[in-house]
Amino acid sequence: MYAIVEIGGHQYKVQAGDEIFVNRLADEKGAAVEFATVLLLDNEGAVKVGTPYVEGAVVKATVLDDSCKADKVLIFKKKRRKGYQKLNGFRQYLTKLQIDTIA
């Protein structure tokens, strides 16, 4: 059984027991969260597609870590023949979730 759920504007394919990284949520470590924005639900071949969401479908998850960081993204700017170079780095904050159940 799997579901496609929308979390923070992104779509994720999740199954019970999966650990996923999503954009930072306001919930603290150990908190239980529910997502009712389920776009698709597959139960051993019986597929339900929402318009836009599947009614009554809920994905329950637990916050494992609320202060993870993604890989560093480097931003390099240069203007040729002007002697201008600038290098900046950025690491996005993420939340690590463990999917408990899909109901």
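The values are calculated or read from the model by the stated rules, or taken from the named source; none is laboratory data. It should be emphasised that the depicted structure is a prediction, and the values quoted were computed from it without experimental measurement. Cβ atoms come from the backbone with ideal geometry, glycine included; neighbour counts cover every protein chain shown. Calculation scope for accessible area: heavy atoms of the full protein, side chains included, ligands and nucleic acids excluded. Shrake-Rupley method; radii C 1.70, N 1.55, O 1.52, S 1.80 Å.
Taking the mean number of other Cβ atoms within 10 Å as a proxy for protection, how do you rank 57-68, 83-94 from highest to lowest?
Put in order of decreasing packing, that is 57-68, 83-94.
What distance in nm separates the two pseudo spin-label positions at Ala36 and His10, each 7 Å out from Cα along the beta-carbon direction?
2.4
Whole-Å semi-axes of the chain's equivalent ellipsoid, largest first, each the root of 5 times a Cα gyration tensor eigenvalue?
Semi-axes from the Cα gyration tensor: 36, 17, 10 Å.
Tell me, what HN-Hα J-couplings in whole Hz come from the Karplus equation 6.51 cos²θ - 1.76 cosθ + 1.60 at θ = phi - 60° for each residue of segment 75-89, using x for Gly and Pro?
10, 10, 10, 8, 10, 5, 6, 10, x, 9, 9, 9, 10, 10, x
Each residue of segment 91-103 in turn: what ³J(HN,Hα) in whole Hz from Karplus with 6.51, -1.76, 1.60 and θ = phi - 60°, glycine and Pro shown as x?
Per-residue couplings from phi come out as 10, 6, 7, 10, 10, 9, 10, 10, 7, 8, 9, 10, 10 Hz.
Sort Glu6, Glu55 by heavy-atom solvent-accessible area, probe 1.4 angstrom, most to least.
Glu55, Glu6
Tell me, what HN-Hα J-couplings in whole Hz come from the Karplus equation 6.51 cos²θ - 1.76 cosθ + 1.60 at θ = phi - 60° for each residue of segment 48-62, using x for Gly and Pro?
Once θ is set to phi - 60°, the couplings for segment 48-62 become 10, 10, x, 10, x, 10, 6, 6, x, 8, 9, 10, 9, 9, 10 Hz.
Which cross-chain or sequence-distant (5 or more) residues have an amide H under 5 Å from the amide H of Ile7, H modelled 1.01 Å from N in plane?
The list, which skips near neighbours in sequence, is Tyr12.
Around Lys29, with a cut-off of 12 angstrom between Cβ atoms, what is the net charge of the other residues, counting Lys and Arg +1 and Asp and Glu -1?
Its environment carries a net charge of -3.
For Ala57, enumerate residues with amide H under 5 Å from its amide H, sequence gap 5+ or separate chain, H modeled in the peptide plane.
Residues meeting the criterion, in which the H sits 1.01 Å from N, do not exist here.
Could you provide, to the nearest whole Å², the per residue accessible area of segment 1-86 with probe 1.4 Å?
Averaged over the residues of segment 1-86, the accessible area is 72 Å².
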